[in-house]
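Written out below as structure tokens is the structure these notes cover.
Here, each number is a calculation from the coordinates, and none is a lab measurement. In this text the structure is predicted, and so the values were computed from the model without any measurement. Reconstructed Cβ throughout: ideal geometry from the backbone, glycine too, with neighbour counts over all protein chains shown.
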Amino acid sequence: MRQWQVIPNAVVFDNGAAFKGKLLSAFCNNLKIRLIHASVGHPQTNGKLERAFRDDMREFYAQYPTWLLEPLRRDLPAYVQYRNQVRGHWALGGQPAITRLREQHRMALPWVLERLESYACYEVGHQVIPATGTIRLFGRDAYLRPALANVEVTFWESLAGLEARIDGQCVVVLRDYRTFKQMAVYEWRRLPPVLYFEPYEQAIFPRIAVAQ
């Protein structure tokens, strides 16, 4: 989105666990993007992507006798540029994919692009913090901080973790929240005996592509 400076109208994913979480749903909902999942057992729903995989395999990956990370990472940007801006497509009358992007898109405002990560969040619930300054999470005591005792906070899940907010401002965050949540389902015994929230500092997220 940053590279092309657009917000898509819709995105299509398969049904992998990475594409079924609440954060992705919240991100798409907050940006008014239609989130579409391929029908289970019906790969034709995702036919364009599967065809793209086949073409990429033939035109790029199969050109290498062995798959080594550094050569692939070095050469891939040039292939992506060719794939999107040079190679023609039958469905577009021989025009490259960039043609459709230029015809049908929603331009993204610079301030929206700058804070894309902030749209991946959703409210979990409210709670008055007990006098102990702790709450129960995954069968464990989770310490916030004494100053929050008897204060009502709103919990949000975000890319930073589980945030405790007061008046919309995050004060403490449990950064490994998603890891702990997965452990609680599959590896409960590996959960730490006590969980600790940290004072909130703005997280710096890696950016795959930054608008020029």
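Helix 177-186 and the long axis of the chain differ in direction by around 90°, with both axes built from C-alpha atoms.
Axis angle, to the nearest 10 degrees, between helix 47-59 and the longest C-alpha principal axis of the chain: 60 degrees.
Against the globular-protein guess of 2.2 N^0.38 Å, express the Cα radius of gyration of the chain as a ratio, rounded to two decimals.
Details: Rg = 21.9 Å, N = 212, 2.2 N^0.38 = 16.8 Å.
Computed over Cα atoms of the chain, the ratio equals 1.30.
Ranked for footprinting exposure by Cβ neighbours inside 10 Å, fewest first, F197, F19 give F19, F197. For G133, the residues 5 or more places off, or on other chains, whose built amide H falls under 5 Å of its own are N150. Gain on full extension, evaluated as 0.36 nm per residue between R175 and N84 minus their Cα-Cα distance, stands at 29.1 nm. Between V128 and D55, the modelled label-to-label distance comes to 6.1 nm, taking each label 7 Å out from Cα in the direction of the beta carbon.
For C121, the residues whose amide H sits under 5 Å from its own are F27, ignoring neighbours fewer than 5 places away on the same chain, with H placed 1.01 Å from N.
Counting pairs of alpha carbon atoms under 8 Å apart in space and at least six apart in sequence, what relative contact order in percent does segment 6-114 give? Mind showing how you got there, number by number?
Numbers: 73 pairs, mean separation 30.7, N = 109.
It comes to 28 percent, rounded to a whole number.
Here the relative contact order of segment 84-187, from alpha carbon pairs under 8 Å that lie six or more residues apart, stands at 17 percent.
About the Cα centre of the chain, how large is the charge dipole given +1 on each Lys and Arg Cβ and -1 on each Asp and Glu Cβ? Please answer in debye to the nearest 20. Don't jump to the answer; show the numbers that get you there.
Working: 27 positive and 20 negative charges, 106 e Å.
Computed charge dipole of the chain: roughly 500 debye.
The angle between the Cα long axis of helix 69-85 and the main principal axis of the chain comes to about 60°, on a 0 to 90 degree scale. Listed peptides 47-54, 184-191 appear in the order 47-54, 184-191 once ranked by packing, highest mean of other Cβ atoms within 10 Å at the front. Inter-part distance, segment 127-174 to segment 108-123, computed on C-alpha centroids, equals 23 Å.
Counting only C-alpha contacts under 8 Å and six or more residues apart, can you give the relative contact order of the chain as a whole percent? Intermediate values should be presented prior to the final figure.
On the way: 262 pairs, mean separation 40.0, N = 212.
Once normalised by length, the contact order is 19 percent.
Between A91 and V40, the FRET efficiency estimated from the beta carbon spacing at R0 = 35 angstrom works out to 0.85.
Percent of Cα pairs in segment 121-199 per distance bin of 10 Å, from zero to the largest separation: 20, 54, 25, 2. Computed extension gain for V12 through N150, at 0.36 nm per residue and net of the alpha carbon distance, reaches 45.2 nm. Would you calculate, for the chain, the mean residue ellipticity at 222 nm contributed by helices, counting each DSSP H stretch of 4 or more residues as -39,500 (n - 2.57) and dividing by all residues, to the nearest 500? Using -39500 (n - 2.57) per qualifying helix, the result is -8500 deg cm²/dmol.
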